[in-house]
Each structure stands twice: as structure tokens, then as C-alpha cells.
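The next block holds one structure in the form of C-alpha cells; read it before the comments.
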Amino acid sequence: MTELADLDAEISECRACPRLVAWREQVAREKRAAFRDQEYWGRPVPGFGDEKARILILGLAPAAHGGNRTGRIFTGDRSGDVLFASLHRVGLANQALSVSIDDGLRVTGVRLAASVRCAPPDNKPTPQERETCSFWLEQEVALLRPTVRVVVALGAFAWAAWWPVAARVYGVAPPRPRPAFGHGALWTGTDLPALLGSYHVSQQNTFTGRLTPDMLDAIFMEAKRLAR
């Protein structure tokens, strides 16, 4: 196994946050009616993608009936439908839809990870849960450090989660004042990967038109430019 595969296996066994453990396992037992015949993953969801990625896409946490069901981040939920369709349009994924962990999806030059690896109640991890889970993101970023050139933060939560992890991995103090999150916000520094902000691919943003397909495609085209 590779180092990242070993890390993924460790992540999937984590039980550090009692509230998250209880919730993810409750959801896996009770299930959504549409998926009642499926076996839910019900565990922490590791990262996914290219082990020599130049682009790291950082989200918030697995969806209760998405990644928490399928075992792969952004797979099997509406947010993932939007995300992978965009990655496919800009040439970073081989297919536009991801429905299960064995559906043949491949991404090129991209790694996807969550700031918090377990599905949280109401999709709202606590600050302490984010801090506890940052250990796993730190280990993942350390392994990706030789190749990653740009981090795409999907939402303000991921944007905030990145800074302390980057400081510990790269040994560089976060800039002061912290750069503000915004869609298209870009921070570049000499000793860290570029950080590019995007509105999260949640239904709240995509159904209301706050985040359109063209807006998301533009983010990933910019990420490709920065990664080069």
C-alpha cells in the first residue's frame, strides 16, 4: 500500500469525536427510504483522487446520505453531482456523475478531501470537532506537499480550516490579517500553495443561483492555471 492508502485506512477507523460517531452510525442504521436496501459506509470518509495531485479540493464534511453512505467524498449526493460535472467539463475528471465508490470515476491531478471526515448533524461540525479532525488533514497535506500547488476551498469553513493546517505542515505563520473568504478570492505566497475560494457546491447555493455552473467552471480553470 502507498502512504496515502495507509492514511486512508487509518482515517476510516477514527472514533475521536463521540457526537460525530453517534450521528454517522445512527444515519447508517436508520437510512433514507430511497437507500433502504443499501449498506451505508457509516464511518469517517477518507480523501480521494490523484496521489500526486497538483490541486487539492477541500470541502466541509461528508453528506449524511452521500459520502456517509457511499464511502467516497462527494459521491452520491447533489453537491457531488454539481462538483464532478464541473470537473468533467474542465478536463479534470473522466465522467460527469459519481454515484458509488466503484463507478469508475477518476480524477486527474486532483485530490478531494474534507475538513471534517464524519457526517455532522445539520451539516455543522463544532469548532472543536474541526480542530480534532485537522490532524487527519494535516497528515494528508504533508503527504501531498511535494506536488500540491493550489488548494480550492469550497466555502468559508474549508477556507478557515486550511490556515492552521498549512501553518503546521509548511512551518509558515498564517498571514495577518487573515485573507477574507469570497468566491474567486485568491491568496498567493512564496512558501505555501495558492488558496482559491469558491462558494460551496451545496444545494443552498446551486439551487438559488448563487453558484452557477459557469462560476464553478471558472474556478477550476483558474486552479488549473495556477497549478501549472
What does the highest-first list of 24-34, 196-206, 163-173, 141-151 look like by mean Cβ count within 10 Å? 196-206, 141-151, 163-173, 24-34
As I understand it, the dipole of the chain uses +1 on the Cβ of Lys and Arg and -1 on the Cβ of Asp and Glu, about the Cα centre. Which of Gly66, Pro179, Ala22 lies farthest toward its positive end? Pro179
Residue-by-residue Karplus 3J(HN,Hα) for region 197-212, coefficients 6.51, -1.76, 1.60, Hz, glycine and proline x: x, 9, 4, 5, 7, 6, 4, 4, 8, 7, 6, 8, x, 5, 10, 9
Quick check: the distance between the Cα centres of region 149-228 and region 79-141, to the nearest angstrom? 14
Ranked by Cβ crowding within 10 angstrom, fewest neighbours first, how are Phe207, Phe157 ordered? Phe207, Phe157
Please list, or write none, the lysines whose alpha carbon is within less than 16 Å of the alpha carbon of Lys224, excluding same-chain residues fewer than 8 places away. Lys52
Arrange Leu97, Leu226 by Cβ neighbour counts within 10 Å, fewest through most, would you? Leu97, Leu226
Here are some values of Rg and Dmax of the Cα atoms in Å: (i) 16.4, 51; (ii) 19.1, 54; (iii) 18.8, 67. Which one was computed from this structure? (i)
Proximal aspartates and glutamates to Lys31, defined as alpha-carbon separation beneath 16 angstrom and excluding residues fewer than eight positions away on the same chain: Glu39, Asp77, Asp122
A correct fewest-to-most ranking of Ile101, Ile73, Ile57 by other Cβ atoms within 10 Å would be Ile101, Ile73, Ile57
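Values quoted throughout were computed directly from the atomic coordinates according to the rules given, and no laboratory measurement underlies them. All of these numbers come straight from a predicted model, not from anything done at the bench. In this analysis, Cβ positions are derived from the backbone assuming ideal geometry, glycine residues included, and neighbour counts consider all displayed protein chains.
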